[in-house]
1. Can you tell me which residue is farthest from ligand 2 (Cβ to nearest atom) among those in the stretch 279-288 that are out of contact with any helix residue (DSSP H, G or I) (no Cβ under 7 Å at 6 or more places or on another chain) and either basic (Lys, Arg) or touching a residue at least 12 places away in the same chain (Cβ under 8 Å) (or both)?
2. Working carefully through the options 259, 254, 269, 289, find the one that is closer than 14 Å to residue 192 by Cβ and among the aliphatic types (A, V, I, L, M).
3. Show the residue pairs meeting these rules: Cβ distance below 7 Å; 6+ apart or different chains; first residue within the stretch 232-246 and more than 16 Å from ligand 2 (Cβ to nearest atom); second residue modelled with pLDDT under 85 and assigned to a loop (DSSP other than H, G, I, E, B).
4. Which residue out of 182, 198, 191 is within 16 Å of ligand 1 (Cβ to nearest atom) and either touching a residue at least 24 places away in the same chain (Cβ under 8 Å) or under 22 Å from residue 278 (Cβ atoms) (or both)?
5. When the residues of the stretch 272-291 are filtered to those that are in a helix (DSSP H, G or I) and among the small types (Gly, Ala, Ser), which remaining residue is farthest from residue 31 (Cα to Cα)?
6. Of everything in the stretch 248-274, what is within 9 Å of ligand 1 (Cβ to nearest atom), modelled with pLDDT of 95 or more and of a type outside the set (A, V, I, L, M)? Give them in sequence order.
7. I'd like to verify a number: residues in the stretch 187-213 that are over 16 Å from residue 268 (Cα atoms) and modelled with pLDDT of 95 or more, how many?
8. Got a sec? Which of 215, 241, 259, 177 is of a type in the set (A, V, I, L, M) and within 24 Å of residue 18 (Cα to Cα)?
Amino acid sequence: MRCWLIVLVLLPGPALAEWYRDARDMMGTRVSVELWADSAEQGNAAINDAMAAMAEVNRLMNPWDEASELSAVNRSAASKPVPLSAWVYDVVHSALEYSRLSGGAFDISFASAGQYYDYRAGVAPNASQLAAAIPSIDYRSLLLDSEKRSLAFRRDGVRVDLGGIAKGFAVDRAIDAVQSHGVESAVISAGGDSRILGNLGDRPRTIGIRHPRKAGEFAVMIPLEDTAISTSGDYERFFIADDGRRVHHILDPATGKSAGFVQSASILAPLAVDSDALSTTVFVLGVDAGLAMVNRLPEIEAIVIDDAGRLHFSAGLLRESP
Ligand code: ADP
Ligand code: MG
């Protein structure tokens, strides 16, 4: 008996510092949380709160859910200002900043035309639907009141969708959640939007950017530490039209049609809300205008794969390469 007691004392306790991970289907994609915690209790509590934060973003901003706040905005904002919760206000506020910065390449009212696409069914709007929708694509029609914290539309026919920015915002809120549990190293992803907290052990983690035309292959590998990275690609949701053109989910607000200059745009930024919005923005702007914009922004880098499959890097990445 005494002997057993001694053995027990010599064994390490149940509290184990190690990696804890979980992945779920959410926001129309796969979300995952990986973190380093001192105990299973800390690890599981942090994972649960991270998942809950992302589920809350989905509850507020899911365009397919009639009960979401976003749906309420789309139903009523043309007739009266709709009060927004703090998170929806923050996302719309950031979205409008990126609209102004990009001269409208990023525009959440793209959905005025975007609502007519069904990528799975191979459906695109016809010419008259597009002509009717295009005047409603204009971020200047969105009146965000910072005092009342409400959103109104200046005209009928406007529809907004936060698909180009909400997943990044969700990843940031999930990082806040794990940090509130004292976690210092984590990787949280929602589809093509990821953020790395801290450094992951002795070496920086490497993230691969998917090859836009070769399934399962990577075009570039980049070492990452304490950063967010998002990729927007024309291969996520698309169909090939009868005329051979690729019809995909990133729309040029000027035409209501799929933006055609690049195959993918990846952005590095401190926060995922910024990398997410900017990856969509640079995708729409194309290589030259996209990289010119990124090169003016502090702490933002980009890797763009053009329509011929060639790689282009922002100035900061070129400086860092040997
Ligand atoms: P995903 O991670 O879903 O592939 P992206 O960051 O590449 O997302 O953004 C694509 C999504 O952004 C589209 O599905 C749509 O919801 C939204 N979107 C498309 N075009 C625009 C645009 N010009 N401005 C803002 N959002 C857009
Ligand atoms: Mg994006």
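The values are calculated or read from the model by the stated rules, or taken from the named source; none is laboratory data. Remember, it's a predicted structure, so these values are computed and weren't measured experimentally. Glycine also receives a Cβ, built like all others from the backbone with ideal geometry; neighbour counts cover every protein chain displayed.
1. 287
2. 269
3. As it stands, the answer is 246/234, since those pairs meet every condition given.
4. 191
5. Among those residues, the one meeting the criterion is 289.
6. Scanning the stretch 248-274 gives 252, 253.
7. 0
8. Step by step, each of 215, 241, 259, 177 is checked, and only 177 is of a type in the set (A, V, I, L, M) and within 24 Å of residue 18 (Cα to Cα).
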